[in-house]
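Data block below; observations after.
The values are calculated or read from the model by the stated rules, or taken from the named source; none is laboratory data. All values reported here derive from a predicted model rather than from experimental measurement. Positions of Cβ are generated from backbone atoms using ideal geometry, with glycine treated the same way; all protein chains shown enter the neighbour counts. Please note that ligands, DNA and RNA were not included when accessible areas were found on the heavy atoms of the full protein model with its side chains. Shrake-Rupley method; radii C 1.70, N 1.55, O 1.52, S 1.80 Å.
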Amino acid sequence: MPKSTPKKVVFVSSFLPRKCGIATFTSDLIANTTTAAKGEFEPLVVAMHSGDQKYNDPVKFEVHQDVKSDYICAADYINFSHVDLVSVQHEFGLFGGEGGSYLSLLLNRLRVPIITTLHTVLDDPDPAYHKSLIDVCGASHKIITMNERGVTMLRDIYNIPTRKIKLIAHGIPDLPFVDSNYYKHKFGLEDRKTILTFGLLSTNKGIDVMLRAMPAIIKADPSIMYIVLGMTHPNILKHEGESYRFSLQQMVKDLDLEEHVIFHNRFVSDQELHNFLCAADIYVTPYKNVKQLTSGTLSFAVGAGKAVVSTPYWAAQELLADGRGVLVPFDDSEQIANAIVDILHNESQFYSLRRKAYEYGRSRTWPKIGQAYWKLFGTKRMPVHIATKSTLSAAETISNIEVPEPSLDHLIKLTDDTGLYQHAKFTIPNREYGYCTDDNARGVIAMSRYYSQYPEPKAMKLLDTYLSFIIHSQNGDGTVRNFMNFDRTWYKKEAKSDAFGRVLWAFGTIMAQPPSPAYLSVIKDCFDKSVEHIQKQMPKGMAYSILGMCDYLKQFPGASDIKRQLELAADGLVTQYEESRYPDWQWFEDALTYDNAVLPHAMYVAGMTCENKKYLAVAEKACEFLLADIFHGRNFSFVGCNGWHERGEARASFDQQPIEAAGTVMMLRAAYDATKNDRFLVLQRKAFEWFLGRNDLHIPLYDFRTKGCNDGLTRDGVNINQGAESTLSFLLSLLAVVESFATIGRVKGETEAVSHKTEQMERPSQKSPSIKSISVDISEKEPDKNQIEELT
C-alpha cells in the first residue's frame, strides 16, 4: 500500500527562540501534533519576527511585525509552498497595524483553509480591535478558543456562528503527581515551604501585591521561600528596561524579605520549568487584570497538581472552579496572605486542592491536545476563504516586486560617534572632507523610515547619532551650519546651501512618527527655534522646509504659526513657478539642476495638507514637465551635472546622480497620493530600477556585495566611490518602494519579471542572499518550478 503524503500545515505564530508564551505554546503544539500524526504531519512555521532571533527548522519564513509588505510576501510564499492548511496563533499584540489588522493582509490573500486559535478575546473592544478580530474570524474555517467564556464572547459580542467555534483547552505538560520535597534538593530548598510564580515579568503580573503579602505569610511560617521565575517581558524591557524588576528588588529590601524571596531572571527550558513546578508547594498568580482569557502558566500549575492561589481573571475562574484552587480579590495582599496561610496550616485542604487540580488536568495534557488538533487538521473538504472585492485596480491585479533587502551595513561603516562621513574612496570612509549637515539630515529621514518598518536597535543607534549631529548644527538663533571638519570644528566660511531646509525636513519626519513620545518635546523645540528663517531660503531649501512643516502638522494639526509659514512658503514657490515658466518650460527656475523632483514633490504634499487646488495644479504641471525631460520610454535618464539643462540649451546626459532618482521616487509617490493615478506607481518602480541597472548604460549603481551605492553614472561607467548621499538616496528610494507596496497592497509595475536586470549585474552568485522576491500573478495559473525554487 503506497505511503500517504504528509499533511503540510503552516503555523503563523511567534516561535522559539523568541521568549514569549505563544512561541512556547506553538512549539509544544507542533511537537504533540507530530506525535499524534504518526509520521503523517509536516509542520512549517511563518514566524513573527522580533529582535535578533536566529531561527532553525521548522521556521521557513519571517515576518517583521510592522512591515506590511512582509505579510503579503508571507501569503505568496505559503501559496507557492503547496500546503494543506494554515494554523494561526492569534494574539493582538503579535501583529502590526491597529488591533493587529495587518494579519488580514496575509489571510485574505491565502488560497488554503485557515484554522485560527485565539489566545485573547476582548469583551469590550475598541472598534479597530473588534473589526480586526471579525476579519480574522471571517477568513477562518474554524476558530479555536480555550475556555467556555471564549465561546460565549465570540458568539454574543462578535456574532461568530457557533458552528465555526471549537473549544480546545490549553495544553498542559504530562507531569507526575509528586511530593515536592523530592525535588527541592535540586535548588537547595530542603526544609523550606516554597511558593512559585513563573512567566515573563510585567506590571500586570502583580508580583508587588504578592510581596506585600509575604510578611504575614513569613510570620505564620518562617520557612517560606517565594520564587519569582522568569525574565522581564521583552516588550517591557525594550521600552522601560528593568525598572519594574528593580522596583520589586527594592521592595524586597524595604520589607526585609531577602531571605525569603528569590528572583530567577531568565527564560528557562521546559525541563527546568518542570523541576521548579514539582518543587513548589503553592503556586500563585496575583494578576491585576480580569480580562485574561488564557494562561499557560496557570494551566501548567494545575496540570502539575499544585495548590493554587489566584486572582479571579477569566482563565483562573474556569481552571480553578469546583475546588481546584483558591480565588482572592484583585490587589488584595491581605487576602492572598490569608489564603496561603490557611493552605499551609490545613493539610487536608492542601491535598484536596492538589488532587482535584491534577485530576482535572488529565483531560488536557499536551498529548491529548495534540490529538484534538490533529483530528481537526484532518477534516476533509475544508472550504477556502476567498476575500471579496469589487473592481480590482492595476495594483491589485499585478504583484511583481523584487528588490534588495534593506541593509545598514555600509551606512554603519560610514558612521562614527560624531556622525556620517560625507565621502568615501570606494567603500573606505574619506576623513579628509569630514561631515556635513545635509547628509546627516538625510540620515535622520532614512533611519526614521527604516525604523518604522524594521524596528531594529542598530537603526535607532544610527538615528540618534545623526539626530545629535543636526541638533548640534543649529546655532543659537536657529540658523544651521553645514560643514564640519574631521576634528569636529565647523567651517569658518560656508557657501549658501539647502542644509537648513533639510534639517527642518528631518525634524518634521521625527515629529510625524517619533520612535518614542520622549523625542517630541526635544525635536519640537528645535523646529520652533528655526521657524523664523524659513522664508529666507532658495526654492529647493523652501521645498525641503515645506515637507518638514507638513510632517509637523501631522503631529500638531492645529499649529497655526506653522500653517501660516507653510502657506507663505508654498505661495512663494507658486510665484517662482509663474515667473519662470514658459509654454515649453513649466518649471520654477531657468534650469534643471540638482534634486529637481523635490519642488513638485513639496507642492503635491502642500496641496494635500492645505487642501489647495492651486498648489496641486502647479505640482502636476511641473511633475509632467520633469517626467517628459527625464523619462525616455523604457528607462529614466536624469539630468547630468556636467552642464545641467539650461532653458533653451542642450541637456547634459552625464554625470547622473543617485539623489535625482531618490527625489523622483518620492515625488512619484506623492503624485499617486494626490491623484490615485496608477501610472505614477508604475513610474516610481521604474525610477527605482535606475539603481539596479535600468538606466542609460544598463549598469547597476547598487553594490550587492558592499550594500552601498556608487556615487554616480558617468559616460564611462559608474563612479566607484560609495559615499553618504548616494547610499542614503538608494535606501530612501528602496524604503519608499517597499512602503508603496505595503500601503497600497502591491507595487504597481509591469508584468515582466525584474530578474532580467539582475542577470545583467555581473554578480549572479550574489542574487540569492541579497534579494527579497515576490513575483506573483493573481491569476490561478500554477507557478513554474523556477519561481518556487526562488521563493523557497
(request) For the chain, state the average projected area of the convex hull of the C-alpha atoms over all orientations, rounded to one decimal in nm². (result) 38.8 nm²
(request) Count the DSSP beta bridges whose two residues both fall in the chain, then state the antiparallel fraction as a percent rounded to the nearest 5. (result) 35 percent
(request) Please work out the ratio of the alpha-carbon Rg of region 192-308 to 2.2 N^0.38 Å and round it to two decimals. (result) 1.02
(message) Using only Cα atoms and rounding to the nearest 10 degrees, what angle (0 to 90) does helix 21-37 make with the longest principal axis of the chain?
(response) 70 degrees
(message) Once neighbouring chains are kept in place and the probe is 1.4 Å, which whole percent of the accessible area of the chain is contributed by carbon and sulfur?
(response) 50 percent
(request) Would you give the gap between the C-alpha center of region 146-207 and the C-alpha center of region 449-468, rounded to a whole Å? (result) 38 Å
(request) Place the peptides 63-75, 514-526, 321-333 in order of packing, highest mean first, counting for every residue the other Cβ atoms within 10 Å and averaging per peptide. (result) 63-75, 321-333, 514-526
(request) Would you mind getting me the FRET efficiency between Arg155 and Lys131? Use the beta-carbon distance for r and R0 = 25 Å, nearest 0.05. (result) 0.90
(request) Would you kindly work out the equivalent ellipsoid of region 212-251 from its C-alpha gyration tensor and give its semi-axes, the square roots of five times the eigenvalues, largest first in whole Å? (result) 28, 11, 6
(request) For region 57-104, evaluate the Debye formula with one uniform point scatterer on each Cα (no solvent term) and list log10 I(q)/I(0) at q = 0.20, 0.33 Å⁻¹, rounded to two decimals. (result) -0.72, -1.32
(request) Rounded to whole Å and sorted largest first, list the principal axis extents of the Cα atoms in region 455-584. (result) 51, 38, 30
(request) Using only Cα atoms, tell me the angle between helix 270-279 and the longest principal axis of the chain; keep it within 0 to 90° and round to the nearest 10. (result) 40 degrees
(message) Based on alpha-carbon atoms only, what is the radius of gyration of region 694-738 relative to the globular estimate 2.2 N^0.38 Å?
(response) 1.11
(message) Give me log10 I(q)/I(0) at q = 0.17, 0.24, 0.26, 0.27 Å⁻¹ for region 457-513, Debye formula, one equal scatterer per alpha-carbon, no solvent.
(response) -0.62, -1.09, -1.19, -1.23
(request) Determine the dipole magnitude for region 188-250: charges of +1 sit on the beta-carbon of Lys and Arg, -1 on that of Asp and Glu, nothing else is charged, the reference point is the Cα centre, and the result goes in debye to the nearest 20. (result) 120 debye
(request) Report, in whole Å, the centroid distance computed from the Cα atoms of region 29-46 and region 235-254. (result) 39 Å
(message) Given the -39500 (n - 2.57) contribution per DSSP H run of 4+ residues, what per-residue ellipticity at 222 nm results for the chain, rounded to the nearest 500 deg cm²/dmol?
(response) -14000 deg cm²/dmol
(message) Which one, Phe198, Thr34, Ala597, is farthest towards the positive end of the dipole of the chain when Lys and Arg carry +1 and Asp and Glu -1 on their Cβ?
(response) Thr34
(request) Would you kindly calculate the translational diffusion coefficient of region 607-689, applying Stokes-Einstein with the Kirkwood radius from alpha carbon pairs, for 25 °C and a viscosity of 0.890 mPa s, and quote it in µm² s⁻¹ without decimals? (result) 181 µm²/s
(message) One quarter of the convex hull surface, Cα atoms only: what value does that give for region 538-665 in nm²?
(response) 7.9 nm²
(message) Just to compare against my own numbers: the Cα pair-distance distribution for region 648-726, 5 Å bins, whole % per bin, please.
(response) 3, 16, 23, 21, 16, 12, 7, 2, 0
(message) Could you work out the pair-distance distribution P(r) of region 1-140 from its alpha-carbon pairs, with 5 angstrom bin width and percents rounded to whole numbers?
(response) 2, 10, 20, 24, 21, 13, 6, 3, 1, 0, 0
(message) I'd like to check one number: the per residue accessible area of the chain, probe 1.4 Å, reported in Å² as a whole number.
(response) 41 Å²
(request) Using only Cα atoms, tell me the angle between helix 347-361 and the longest principal axis of the chain; keep it within 0 to 90° and round to the nearest 10. (result) 50 degrees
(request) Keeping all protein chains in position, work out how much accessible area Ile428 exposes to a 1.4 Å probe, and write it in Å² to the nearest 10. (result) 100 Å²
(message) If the only charges are +1 at each Lys and Arg Cβ and -1 at each Asp and Glu Cβ, what is the size of the charge dipole of the chain around the Cα centre, to the nearest 20 debye?
(response) 1940 debye
(message) Would you work out the Kirkwood radius for region 92-195? I mean one over the mean of 1/r across all pairs of different Cα atoms, in Å.
(response) 16.3 Å
